[in-house]
Amino acid sequence: MIKAYLTWISTPYEGESIEIRFRIYKNEEQIYSDSIIMDYMKPAIVGHMATIELLKRLQEHRSDEIIVIINDGSLYESIKGTSATKNKDVQMMSKKVREELSRFDNVSFDNISGNHIRLVEWNEILKP
């Protein structure tokens, strides 16, 4: 089983960089860790772009069971297809993420935003 922890740090100011952090574990052993800097993009789609970047790094594990642990309820709803947003950029990026997910056998998302104990662990794992 693969556990992938994902976070991103965006800014509301145009021209500022965005940081995306990944930690990937296979059977409790870390197999990948990265932090990448990307050019500015709209804050509403940063989580989607971060998810696509993570899925690129998980390509060789497509047939494994994968759990992606995130702290973003709106991204979670967007990926599941239950979001009621009218934002065209978000709708387009949600579709792209779902297309990428269709290439994998078994990926699920775990939104921990409502669980303080798990948030502390998630934050600790994703520290630089």
query: Which of the residues spanning region 1-26 are in contact with a Leu (Cβ under 8 Å, 6 or more places away or on another chain) and either in contact (Cβ under 8 Å) with a residue 60 or more places away in the chain or under 11 Å from LEU126 (Cβ atoms) (or both)?
result: ILE2, ALA4, TYR5, LEU6, THR7, ILE20, ARG21, PHE22, ARG23
- request: Out of SER94, SER17, report the one residue that is hydroxyl-bearing (Ser, Thr, Tyr) and at pLDDT below 95.
  value: SER17
message: Cβ-Cβ under 7 Å, sequence separation 6+ or interchain: first residue in region 100-113 and of a type in the set (Lys, Arg), partner not in a strand (DSSP E or B). Which pairs?
response: ARG103/ARG62
field: Which listed residue, of ILE24, ILE79, ILE31, is of a type in the set (Val, Ile, Thr) and part of a helix (DSSP H, G or I)
entry: ILE79
task: Return the residue satisfying two criteria in turn: it lies in region 29-59 and is in contact with a helix residue (DSSP H, G or I) (Cβ under 9 Å, 6 or more places away or on another chain) and among the charged types (D, E, K, R), and of such residues it is nearest to TYR13 (Cα to Cα).
output: LYS42
- prompt: Looking at this structure, is SER83 touching a helix residue (DSSP H, G or I) at 6+ places or on another chain (Cβ under 8 Å), modelled with pLDDT of 95 or more, small (Gly, Ala, Ser) and surrounded by 15 or more Cβ atoms within 10 Å (Cβ to Cβ)?
  reply: no
- request: Would you check if ILE31 is out of contact with any Pro (no Cβ under 6 Å at 6 or more places or on another chain), aliphatic (A, V, I, L, M) and at pLDDT 95 or above?
  value: yes
query: Take the residues of region 10-63 that are of a type in the set (Phe, Trp, Tyr) and surrounded by 14 or more Cβ atoms within 10 Å (Cβ to Cβ): which is nearest to the chain's Cα centre (by Cα)?
result: PHE22
- prompt: Do we have GLU77 as free of Cβ contacts under 8 Å to residues at least 24 places away in the same chain and in contact with a Ser or Thr (Cβ under 6 Å, 6 or more places away or on another chain) here?
  reply: yes
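The values are calculated or read from the model by the stated rules, or taken from the named source; none is laboratory data. No experiment lies behind these values; they were computed from the predicted model shown. Here the Cβ is made from the backbone with ideal geometry for all residues, glycine too, and neighbour counts use every protein chain on show.
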